[in-house]
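Chemist: Quick one: structure below, then a few questions.
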Amino acid sequence: MSRLGDSLTISLSVNEHGSCVMGRGGTGVARPCSDGSSQLFNPSGIAGMQGWTVSGGLTLIAAAGGFVDDLTQTKDELKNDPIPVPHGYITYGINERLAAGLALFVPYGLGTKWLDTFDGRFLGYDNDLQSIYLQGTVGYQLPKGIKIGGGLNFVFGSLELNQRLDLSQFATSTGATFGQIGIPFHTEFANANLKANSGAKLGANFGIGWDATDWLSLGARYITSVKLDYEGTAQFDAVATDIILPPGNPISVLLGTPDQPMDIDVLLAAQGLYSAGAVLGDQTVNTSITMPDQGSIGLALEASPAVTLLFDLQWINWTVFDTLVVEFENQPDDLVLVENYEDTYALRFGFDWAAKENLALRGGYLDHAGASPPETVTPLLPEGSRNEFTLGVGYSINDMFSFDLAYQYLKQNDRRGRIRDAIEGQGPSTDLNSGLYSFRAHLFGATLVLHF
């Protein structure tokens, strides 16, 4: 039978969960912003906050890119709509040392959309994955400038995947595949749609901060990994091949009518592939995906009373995304996907300049490695090493209201990848790479902050 290909992949992490931090290159570990976003970037940062702080906003990710085939030199473009990524924080200073808060953010996810005529549609052409974190946070200020904090994360996940199935890989009634009787490679005959959700799982986020001097602050943060168990449905719909084999074909010979042509669509319909209980009938599907743990360290230097320089180093444990097992109700064997992801590091630089009493100007740069190895770069997420540049502005309307705006440009290094499934039983290989992926994105962030 035909099988779903390598269609489950996690994206690069999303770090833009607050326009203040986003504007300064994602640096928020050693010197938090006053919008409550330190619940994510370093939970200890809420210690010492006064009264109530409520903030919320969106980051829009407008991605673009494409794939250039080595042989034909044709280019297929991504067709993504802008992806909104929300964030929200509520913080309350209980006293001068103790504070508590609630946070909502989406640190991992993907959204890639290609035309359903793209040759890579057999690996995936319209896919979406989200992991939603709801965190309750507590921060406490110790003597000598030390702050500690932590929070429990309630994590929920959802995914939707779409891909075409390849008839050439599908078995005929003779036991041979259709490809072995002459059906061309990448002949689509069905569309697979998979939707699944996970129940809530528990994780944690810990942080510590230290104001070592009047001009130097240090910080560290760690978020635990969370394994999400997904359950949902797989639906398969027929796609016409419009192929008619001439007389003398192997199937007509087997059926005792060698002088008759064979309409492939009629043959497939007669097999009842999409009926209840059949291999391509509607069925339940189960899988598990581990959202990786990550850690960051940072420092902040006050270069002057108005200018703060910030530096962060972030590590993400992508090695947890090694092998993925997908169970289909009506399939005799589990689908085992080998991804072989690698740990990544990001080096971030930023500045925050209080240009006026009510106006802050920000900027930053970050260099981030890619998690996917060369053999698992696919249309689902053609991810790689990237450089990013940021600008931001913060404006206080009065003592109660303020807002932050940010812009970020992401330029990923081009890298080679594949548009076909790994050979069954052999795993992924760079031998299958057949073209060059490019990727870039413009990100726009806005956050409204209320203090009272």
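Chemist: For the chain, what percent of Cα pairs sit more than 39 Å apart?
Modeler: Tail of P(r) above 39 Å: 30 percent of Cα pairs.
Chemist: Further, regarding this structure: For the full complex of protein chains and a 1.4 angstrom probe, list Y125, Y409, Y140 by accessible area with the highest value first.
Modeler: If we order Y125, Y409, Y140 from most to least accessible, we get Y140, Y409, Y125.
Chemist: Still on this model: Please give the direction-averaged projected area of the C-alpha convex hull for segment 217-297, in square nanometres with one decimal.
Modeler: 9.7 nm²
Chemist: A further question on this structure: Pull up the cross-link candidates among the aspartates and glutamates for K195, meaning alpha carbon to alpha carbon under 15 Å and not fewer than 8 places away within one chain.
Modeler: Here the aspartates and glutamates satisfying the reach criterion relative to K195 are D126, D128, E160, D229, E231, D237, D282, E327, E329.
Chemist: To one decimal place, what Kirkwood hydrodynamic radius in Å is obtained for segment 251-329 from all pairs of distinct Cα atoms?
Modeler: 19.3 Å
Chemist: Then there is this: At a probe size of 1.4 Å, how large is the accessible area of M400, to the nearest 10 Å²?
Modeler: The accessible area comes out at roughly 80 Å².
Chemist: With a Förster radius of 51 Å, plug the Cβ-Cβ distance of D265 and L60 into 1/(1 + (r/R0)^6) and report the FRET value to the nearest 0.05.
Modeler: 0.75
Chemist: Would you mind pulling out the separation of the Cα centroids of segment 13-34 and segment 395-452, in Å?
Modeler: If we compute the Cα centre of each part, the gap is 15 Å.
Chemist: Mind jotting down the distance between the C-alpha centroids of segment 194-237 and segment 337-388, whole Å?
Modeler: That distance is 17 Å.
Chemist: How much of the accessible area of segment 319-392, in percent, comes from carbon and sulfur atoms when a 1.4 Å probe is used?
Modeler: Carbon plus sulfur share of accessible area: 55 percent.
Chemist: Give me D for segment 379-452 in µm² s⁻¹, whole number, from Stokes-Einstein with Rh from the Kirkwood sum over alpha-carbon pairs, 20 °C and 1.002 mPa s.
Modeler: Once the numbers are plugged in, D ends up at 135 µm²/s.
Chemist: Moving on to the next point. So what are the three principal axis dimensions of segment 145-211 from its Cα atoms, in whole Å, longest to shortest?
Modeler: The Cα atoms of segment 145-211 stretch 74, 25, 18 Å along the principal axes, largest first.
Chemist: How are the C-alpha pair distances of segment 85-184 spread across 5 Å bins, as whole percents from the shortest bin up?
Modeler: Distribution as computed: 3, 10, 13, 11, 10, 9, 8, 7, 6, 6, 5, 4, 3, 3, 2, 0 percent.
Chemist: Given 20 °C and 1.002 mPa s, compute D for segment 29-83 with the Stokes-Einstein relation, Rh being the Kirkwood radius over Cα pairs; round to the nearest whole µm²/s.
Modeler: Rounded, D is 142 µm²/s.
Chemist: Also, quick follow-up: Can you sort T91, T323 by solvent-accessible area, 1.4 Å probe, largest first?
Modeler: T323, T91
Chemist: May I ask for the Rg/Rh ratio of segment 315-452, computed from Cα atoms with Rh as the Kirkwood radius, given to two decimals?
Modeler: Using only Cα positions, Rg/Rh for segment 315-452 is 1.16.
Chemist: Over all pairs of distinct alpha carbons, what does the Kirkwood formula give as the hydrodynamic radius of segment 233-366, in Å?
Modeler: 21.3 Å
Chemist: Percent of accessible area on segment 112-223 owned by carbon and sulfur, 1.4 Å probe?
Modeler: Summing carbon and sulfur atoms, their accessible area is 61 percent of the total for segment 112-223.
Chemist: Using a probe radius of 1.4 Å on heavy atoms only, what accessible surface per residue do you get for the chain? Whole Å² is fine.
Modeler: Accessible surface, normalised per residue, equals 42 Å².
Chemist: Tell me the Kirkwood hydrodynamic radius of segment 27-156 in angstroms, computed as one over the mean inverse distance between distinct C-alpha pairs.
Modeler: With all distinct Cα pairs of segment 27-156 included, I get 17.1 Å.
Chemist: Now a separate question. Based on alpha-carbon positions alone, could you give the equivalent ellipsoid semi-axes of segment 185-241 from the gyration tensor, as √(5λ), descending, whole Å?
Modeler: 50, 17, 7
Chemist: Counting pairwise Cα distances across segment 132-248, what percent come out greater than 24 angstrom?
Modeler: 59 percent
The values are calculated or read from the model by the stated rules, or taken from the named source; none is laboratory data. Source: prediction; values computed, not measured. So basically every Cβ, Gly included, is an ideal-geometry build from the backbone, and we count neighbours across all protein chains shown. Accessible surface is based on the protein model in full, side chains and every heavy atom, while ligands, DNA and RNA are left aside. Shrake-Rupley method; radii C 1.70, N 1.55, O 1.52, S 1.80 Å.
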